[in-house]
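Right, one structure below, let's go through it.
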Amino acid sequence: MNASSSKRGLKTSFRASPRSLKPIYTGGPAILTQDGQWLISTLGEEVQVTEVETGLPVARIRGDTTAITSLAISYHTSPPTLITAHQSQTLRFYPLPASIPDHPLSLSYTRQLPKAHSASILVSCVSPDNTLLATGSSDGIVKVWDLAGGYVTHLFRGHGGPVSALRFNFPQGEERRMELLTGSTDGRVRVFDLKDASTRAGGGGAKARAVLEGHVSVVRGIDVTSDGRWAVTGGRDKVVLVWDLHGKESKKGKEKESPKLVQTIIAGEQVESVGLLPMDGVLGLPAGRLRCWTGGEKGAVKLWDVYKGEEVGQMGIVEGVDEAEVDEDEQRGIINVLHDASSSSLISIHADQNIIFHLLETGLPTRQVIGFNDEIIDATFLTHPSSDESPHSHLALATNSNLIRLYSLSTFSATLLSGHKDMVLCLDKSPDYSLLASGSKDNTARVWAPSTEGKWQCMAICEGHAESIGAVALSRKSSSPKFLVTASQDRTLKLWDLTSATPGTTSKPKSLGTIRAHEKDINSLDISPNDRFLASGSQDKLVKIYAIDFDENKAGATGALKPLGTCKGHRRGVWTVRFSKTDRVVASGAADRTVKLWSLDDYTCLKTFEGHTNAVLRVDFLSAGMQLVTSASDGLVKLWNIRDESCVKTLDNHEDKIWSLAIASDESTIVSAGADSIATFWEDSSEVEQQEKNDALIASVQSEQDFTNYLALKNYRQAILLALSMSQPKRLLTLFTALLAAPSDASSPSYSGSPEVDQVLATLPPLDLVRLLKMIRDWNANARTSPVAQAILSAILRLRTADDLVAAFEKATAVPDLLDDSVVTDEVEEAAEAGKQQQQGGRQRKKGETTVSLPELMDGLIPYSERHFVRLEKLVQESYMLDYIVGEMDGGVLGTEILDLS
């Protein structure tokens, strides 16, 4: 069917692209590698490693089923080690990949410190020389660990509450200091001397060298200059304090070093993160000045002159987000700020799971990563006129938010479009993919137009509905839509005039007509390609068709919606409707798990497609109207051929309802998105899979011909190795059966029926020997093929020692994924060379082939072998009875009586 479908230009398969949008951050700690290449973030009870430049997943850590409370990276090993702290008070050490892998990895820990603290570990920090790890817990205890040995070197008590911040101070100088600064919820910052013997674990009471008092609330951040002279601390009391750690204090005529408070910076917001900046390359400000950053509840990264205590700059807000318009539910407060020295940028991590990259030189945001999209309700492709990307430059998503997420398809950096006051429920695009329409729970619809630098701005606001707008549709005939149709929970449809709307300005179009359409909520709208018809689907189980009477003239546009017909047949609410671009038909999907095709001539049902196990939520046409693609609440995407009503492919990459389908203009890519917050990019693989099948067929014919040639030449060694390499047990069974059935040569006795085969069995490489034994186990389970299995098994046991068999299985176990067909023996390579054009590598992995151990093999062989021997013994016993009866017939009692009578 694939071949015929391909000839007709139909799609036969799609494959999930690794460039799919998945959650990477759901709140909690997040850090950046030293080279700025990877972002490591918490994802529920797991940790996600993501490549910053592309947004592709690198690795994932499963965790211990409890929440991740802290992350740190140590470079005392190569590759670096990720240290995770868990709610279970456990520390785990995970080696990170040395390079970017081809596929995402699942990392395993190499060391675990269970019950590292007696309470939850809240913060952790690695020393600059990567020799020590400091951890602070909610019971106010700080421990310092030796990273190489994994033991505690120092133990600090005395904090008045949970430890909230840690920072090592290892300045380079004549007398090297080794200090640890700790912050606590009691508002104090303590300085501990790590060279002081009393602070070592097991020693006397650990007393801080100095206690910095000045904060009146939780200390959230500490940083120290490279020379160890100046320190800055920030807290939720809305101030940043600057300390001179080398300050002097006169006591009893002697000067003693005592840190002094030298500056107080009024931040004006609760500070969640503070850190020192390099002396130059910051917003074009003069070099040589000490500056710091702060991030807090207002969501902006601010820069301060440490000496003057004045604000000198602010990192730019993400384009498209007007803070005055952001709903209170959109929590954009900063919970942490990271400094990436490799790219000279600051990375702000926000409470709404968004991560924003700011360039220090200009202060402008360069990239925004959305960590979690929540439930994705709708999606559509867009193309900015200034973009050279093909076929589309952006993907717009509507989620459980009043902000529209606009992703760049080249970098997956996101822009947020603000304007709606409540959740956005639906999206639509213009025929040229340059305009975007959105409907919201705020009872309004908006039309967005491209602006400069690849952005979009609102050009029209449609107000008039009494309830939330659940569906929108832009006119299809012109690249510049002339009108917009909206559907609301108030059961009405409205036709809006867009002729006066122009990009660059925001207008309020007038409503040309209003019609009460359905008795229940309207879920979907679509406009025919010629702009003459409108289809609506509703929870009242009906699909209704309307004529669009729109006229544009000098006096102004006029329009109305006129009912034409009703399509009845669905047994439950209709979720989606879509016009064909080539035929006079409309498709609908409903909660009755069916897709129906309706005629626009008499509004009757032409075809019904059944296959989904739950409500069909989206439907669209493909391949010039010859195919359908659907998504449903069962988490599946299905591809259908309309002519024979068959499902040609089922795509599975979701775990919940798929609310939306977006199809690229060239139909090479389909995006499915839904309640699992995943947007999967499906790439058309019809030609690729057809080519793979053709290659497999050619390889199969070649191997069959090679096998036949080897048999004709009686080259049994190469024939057996070829059959093993291609995992073809039937060929081997046929070969062994023929050899055992052939007349034996008394001058050359053999166990298998051929001395040449005996030689092959005696010298089989370990992996091929295990493969053959696995085939014998399968043959032995069938009474018809068991004689061959027993004969070959007997030959192997006679020709190979027990040590050989054990060693073969040990070697097979040592190879990842036994008999993974990437493992090629020299004999197989020779066989492939002899076959001239043997398939590359000499092996093709067979689906379902798994590792087998010697005990598992014996468990499969012994029961059936015992059954076969019992059956043979019973046959032997019955043969004696047969011999007795035949003997009696020849000269037994019956024969004697006959002789006497004669």
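The values are calculated or read from the model by the stated rules, or taken from the named source; none is laboratory data. Note that the structure is predicted; figures quoted are calculated from it, not measured. Note: ideal-geometry Cβ built from the backbone for every residue, glycine included; neighbour counts use all protein chains shown.
What the table below lists for this structure:
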item: Residues located in region 391-409, provided they are surrounded by fewer than 16 Cβ atoms within 10 Å (Cβ to Cβ) and either within 20 Å of Q457 (Cβ to Cβ) or free of Cβ contacts under 8 Å to residues at least 24 places away in the same chain (or both); result: none
item: Considering residues of region 471-529 that are assigned to a strand (DSSP E or B) and polar (S, T, N, Q) only, the residue farthest from R572 (Cα to Cα); result: S507
item: Helices (runs of 4 or more DSSP H) (entirely within region 699-779) containing at least 1 residues that are without any contact (Cβ under 8 Å) to a residue 12 or more places away in the chain and out of contact with any helix residue (DSSP H, G or I) (no Cβ under 7 Å at 6 or more places or on another chain); result: 729-741, 755-763
item: K596 being part of a strand (DSSP E or B) and over 21 Å from E667 (Cβ atoms); result: yes
item: Answer residue from region 59-88, given it is among the β-branched types (V, I, T) and closer than 26 Å to P128 by Cα and is modelled with the lowest pLDDT among those; result: T77
item: Residues that are within 34 Å of the chain's Cα centre (by Cα), part of a strand (DSSP E or B) and either of a type in the set (A, V, I, L, M, F, W, C) or farther than 24 Å from A547 by Cβ (or both), drawn from region 457-470; result: Q457, C458, I469
item: Selection status of S401, in a loop (DSSP other than H, G, I, E, B), in contact with a helix residue (DSSP H, G or I) (Cβ under 8 Å, 6 or more places away or on another chain) and not aromatic (F, W, Y); result: no
item: Selection status of T499, without any contact (Cβ under 8 Å) to a residue 60 or more places away in the chain and within 22 Å of P385 (Cβ to Cβ); result: yes
item: Pairs with Cβ under 8 Å, 6+ apart, first in region 859-881 and not assigned by TED's automatic domain parsing to the domain that holds D778 and assigned to a helix (DSSP H, G or I), second of a type in the set (S, T, Y) and surrounded by 10 or more Cβ atoms within 10 Å (Cβ to Cβ); result: Y864/S786; H868/S786
item: Condition met for T558 (of a type in the set (V, I, T), in the same structural domain as A624 (by TED's automatic domain parsing), within 26 Å of L498 (Cα to Cα) and surrounded by fewer than 17 Cβ atoms within 10 Å (Cβ to Cβ)); result: yes
item: Residue identified as among the charged types (D, E, K, R), assigned to a loop (DSSP other than H, G, I, E, B), touching a residue at least 12 places away in the same chain (Cβ under 8 Å) and within 14 Å of N373 (Cβ to Cβ) among D656, D666; result: D656
item: Out of V648, V586, sole residue that is in contact (Cβ under 8 Å) with a residue 60 or more places away in the chain and in contact with a helix residue (DSSP H, G or I) (Cβ under 8 Å, 6 or more places away or on another chain); result: V648
item: Residues that are of a type outside the set (A, V, I, L, M, F, W, C), within 15 Å of L122 (Cα to Cα) and surrounded by 19 or more Cβ atoms within 10 Å (Cβ to Cβ), drawn from region 139-185; result: G140, K143, H159, P162, S164, R167, T182, G183, S184, T185
item: Residue check for D601: in contact (Cβ under 8 Å) with a residue 40 or more places away in the chain and farther than 25 Å from I469 by Cβ; result: no
item: Any hit, region 579-587, residues being surrounded by fewer than 21 Cβ atoms within 10 Å (Cβ to Cβ), assigned by TED's automatic domain parsing to the domain that holds S633 and over 45 Å from the mean Cα position of the chain (by Cα); result: no
item: Test: V191 is assigned to a strand (DSSP E or B) and touching an Asp or Glu at 6+ places or on another chain (Cβ under 6 Å); result: yes
item: Options Q48, Q34, Q89: the member that is buried (at least 19 other Cβ atoms within 10 Å of the Cβ) and part of a loop (DSSP other than H, G, I, E, B); result: Q89
item: Residue pairs meeting the criteria (Cβ under 9 Å; at least 6 apart or on separate chains; first in contact (Cβ under 8 Å) with a residue 60 or more places away in the chain and within 20 Å of L147 (Cβ to Cβ), in region 61-78; second surrounded by fewer than 17 Cβ atoms within 10 Å (Cβ to Cβ) and among the small types (G, A, S)); result: H76/A148
item: Any hit, region 571-587, residues being farther than 16 Å from A487 by Cβ and part of a strand (DSSP E or B); result: yes
item: Residue satisfying condition, being modelled with pLDDT of 95 or more and over 29 Å from R111 (Cα atoms), within set D223, D244, D227; result: D223
item: Residue check, E389 closer than 22 Å to H339 by Cα, more than 22 Å from the chain's Cα centre (by Cα), of a type outside the set (G, A, S) and outside any strand (DSSP E or B); result: no
item: Single residue of region 743-790 satisfying the filter (of a type in the set (G, A, S) and closer than 18 Å to R717 by Cα) that is farthest from the chain's Cα centre (by Cα); result: S748
item: Options F170, F192; residue that is aromatic (F, W, Y), in contact with a His (Cβ under 8 Å, 6 or more places away or on another chain) and in contact (Cβ under 8 Å) with a residue 24 or more places away in the chain; result: F192
item: Residue match in region 606-617 (condition: closer than 27 Å to D432 by Cα and either buried (at least 19 other Cβ atoms within 10 Å of the Cβ) or among the polar types (S, T, N, Q) (or both)); result: yes
item: Positions within region 410-435 being surrounded by fewer than 22 Cβ atoms within 10 Å (Cβ to Cβ) and charged (D, E, K, R), in sequence order; result: K421, D422, K429, D432
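Yes/no matrix, rows are residues, columns are (1) under 23 Å from L10 (Cα atoms); (2) of a type outside the set (S, T, N, Q); (3) surrounded by fewer than 24 Cβ atoms within 10 Å (Cβ to Cβ); (4) not assigned by TED's automatic domain parsing to the domain that holds R571:
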site: A591; (1), (2), (3), (4): no, yes, yes, no
site: L600; (1), (2), (3), (4): no, yes, yes, no
site: D620; (1), (2), (3), (4): yes, yes, yes, no
site: L628; (1), (2), (3), (4): yes, yes, no, no
site: D656; (1), (2), (3), (4): no, yes, yes, no
site: S660; (1), (2), (3), (4): yes, no, yes, no
